[in-house]
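Engineer: Just passing along the structure, written as structure tokens.
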Amino acid sequence: MNIKLRVLSPLSFCLLASFGLVSTASAAAAVEKVKPVNRLVAKAKPQTAVAPLPPDEPAVLSEEQMAVAPRVHHGDVPCEFNQKVSITPNPDQPGRFHLRFGKMVYNMAPEPTTTGAVRLEDKKAGVVWLQIPTKSMLMNSKIGQRMVDACVHPAQMAQVAAPAPADAGIGIAPAAPGTASR
């Protein structure tokens, strides 16, 4: 009998071998050759210890963006679940920051907001760092999820510990009229 052995599954070989249509030796060899392959594992690429920085954006920051930069808390910021975010000013490009979380490093540019919150964004990676008076968080804007939350810089801890006046609101000063909205 002329059966194409390469298109049959290992189960088919076993059935054919039990009926005597195929030798048990060829069925056993076929079972050994066929190994299940996980598509995700086959496509996965090994990660390096630290992701290389993507090329910096050549665009010059606007005056509004440069006005946000001095308000950014930089240094190591402890977060929930014993995680840490490190923010360092980019020495080559004033007003821009490198944000390191885990093994990833992002090139962040400040974005003006109408609420007065500090917003740093890496548009290529789709990552946003939001800094409000009481905490900061890192979000993935592409999938709409928080990457890490409850990050509190020592300056934010000091502000939370200080008593607030009754009319202070939530501590975010709105931007001046006519500024960019986001």
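Engineer: Check Ala164 against each of (1) modelled with pLDDT of 70 or more; (2) out of contact with any Ser or Thr (no Cβ under 8 Å at 6 or more places or on another chain) and name the one condition it does not meet.
Structural biologist: Checking Ala164 against (1) modelled with pLDDT of 70 or more; (2) out of contact with any Ser or Thr (no Cβ under 8 Å at 6 or more places or on another chain), the one that fails is (1).
Engineer: Another question, if that's okay. Val105: under 24 Å from Val60 (Cα atoms) and β-branched (Val, Ile, Thr), yes or no?
Structural biologist: Spelling it out, Val105 is indeed under 24 Å from Val60 (Cα atoms) and β-branched (Val, Ile, Thr).
Engineer: Same structure again: Could you check how many residues of segment 63-97 are touching a residue at least 40 places away in the same chain (Cβ under 8 Å) and either more than 21 Å from Lys135 (Cβ to Cβ) or not assigned by TED's automatic domain parsing to the domain that holds Leu138 (or both)?
Structural biologist: 5
Engineer: For segment 87-108, check the following and say yes or no: at least one residue is farther than 15 Å from Ala125 by Cα, in contact with a strand residue (DSSP E or B) (Cβ under 6 Å, 6 or more places away or on another chain) and among the hydrophobic types (A, V, I, L, M, F, W, C).
Structural biologist: Scanning segment 87-108 turns up at least one residue that is farther than 15 Å from Ala125 by Cα, in contact with a strand residue (DSSP E or B) (Cβ under 6 Å, 6 or more places away or on another chain) and among the hydrophobic types (A, V, I, L, M, F, W, C).
The values are calculated or read from the model by the stated rules, or taken from the named source; none is laboratory data. Worth saying up front: this structure is predicted, and the values here are computed from it rather than measured. Neighbour counts run over all protein chains shown; Cβ positions are idealised from the backbone, glycine included.
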